[in-house]
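Engineer: Right, I'll just put the structure down here and ask away after.
The values are calculated or read from the model by the stated rules, or taken from the named source; none is laboratory data. In this text, all values refer to a predicted model and were calculated from it rather than measured experimentally. Cβ placement follows ideal geometry from the backbone for every residue including glycine, while neighbour counts extend to all protein chains displayed.
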Amino acid sequence: MAQYLLSVHMIEGEPAPAPEVMEQAYRDVGAFNKELQASGAWVFAGGLHPPTTATVVRYQDGDVVTTDGPFAETKEHLGGFWVVKAPDLDAALALAGRASRACKRPVEVRPFQDEPEA
């Protein structure tokens, strides 16, 4: 079974949802997570702090250099993610539709690369 990354995208400067909308989204995501776990599709998931908390680490000219802030200078940022197991892309897209409904945000689906054979 293939693994897919379902990534939740946030748009900087977008008005924050009302508290009751956010509370419902948290409940809906919690219920979705339980469904994923019960079905065996769950691998891992997590929400992320804002991009302002990011640190970029790069190996450059023989040194490791760190800089504050997100790597990408963009208004769209990763807000959270699920890693799921699904038999095919169509099944992963169906899970992403449920994820988007639960978190009330766009969800991008990307397959993991196959592991090279040893």
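Engineer: I need the full set of residues from segment 28-56 which are among the aliphatic types (A, V, I, L, M), assigned to a strand (DSSP E or B) and modelled with pLDDT under 95, in order please.
Structural biologist: Here is the first cut: in segment 28-56, the ones among the aliphatic types (A, V, I, L, M) are 29, 31, 36, 38, 41, 43, 45, 48, 54, 56.
Now drop any that are not assigned to a strand (DSSP E or B), which leaves 43, 45, 56.
The answer is Val56, and nothing else.
Engineer: Output the residues belonging to segment 1-19 that are modelled with pLDDT of 95 or more and either within 10 Å of the chain's Cα centre (by Cα) or exposed (fewer than 10 other Cβ atoms within 10 Å of the Cβ) (or both).
Structural biologist: Once the filter is applied, which keeps residues that are modelled with pLDDT of 95 or more and either within 10 Å of the chain's Cα centre (by Cα) or exposed (fewer than 10 other Cβ atoms within 10 Å of the Cβ) (or both), segment 1-19 yields Leu5, Leu6, Ser7, Val8.
Engineer: Can you report the number of residues in segment 22-46 which are surrounded by 11 or more Cβ atoms within 10 Å (Cβ to Cβ) and over 13 Å from Ala99 (Cα atoms)?
Structural biologist: So the count comes out to 6.
Engineer: Can you find, within segment 84-98, the residue that is nearest to Leu6 (Cα to Cα) among those that are charged (D, E, K, R) and not in a strand (DSSP E or B)?
Structural biologist: Only one residue tops the list, namely Arg98.
Engineer: Which residue pairs have Cβ atoms under 8 Å apart, sit 6 or more places apart or on different chains, and have a first residue in segment 13-35 that is without any contact (Cβ under 8 Å) to a residue 60 or more places away in the chain and within 27 Å of Thr74 (Cβ to Cβ) and a second that is assigned to a helix (DSSP H, G or I) and among the hydrophobic types (A, V, I, L, M, F, W, C)?
Structural biologist: That search, which allows pairs on different chains as well, returns Ala16/Met22.
Engineer: Is it the case, given these coordinates, that Val65 is of a type in the set (A, V, I, L, M), over 22 Å from Phe112 (Cβ atoms) and not in a helix (DSSP H, G or I)?
Structural biologist: Details: of a type in the set (A, V, I, L, M): yes; over 22 Å from Phe112 (Cβ atoms): yes; not in a helix (DSSP H, G or I): yes.
Taking the combined requirement at face value, the residue satisfies it.
Engineer: Here are some conditions: (1) under 22 Å from Glu12 (Cβ atoms); (2) surrounded by 12 or more Cβ atoms within 10 Å (Cβ to Cβ); (3) without any contact (Cβ under 8 Å) to a residue 40 or more places away in the chain. Leu78 meets all but one. Which one does it not meet?
Structural biologist: Answer for Leu78: the failing condition is (3).
Engineer: Tally time: how many residues in segment 57-74 are exposed (fewer than 11 other Cβ atoms within 10 Å of the Cβ) and at pLDDT below 90?
Structural biologist: Total satisfying the criteria: 2.
Engineer: State all residues of segment 56-76 that are in contact with a Gly (Cβ under 8 Å, 6 or more places away or on another chain) and farther than 21 Å from Arg105 by Cα; if no residue qualifies, say none. Break it down into steps so the answer makes sense when it comes.
Structural biologist: In the first step, residues of segment 56-76 are kept if they are in contact with a Gly (Cβ under 8 Å, 6 or more places away or on another chain); the result is 56, 75.
Selection gives Val56 alone.
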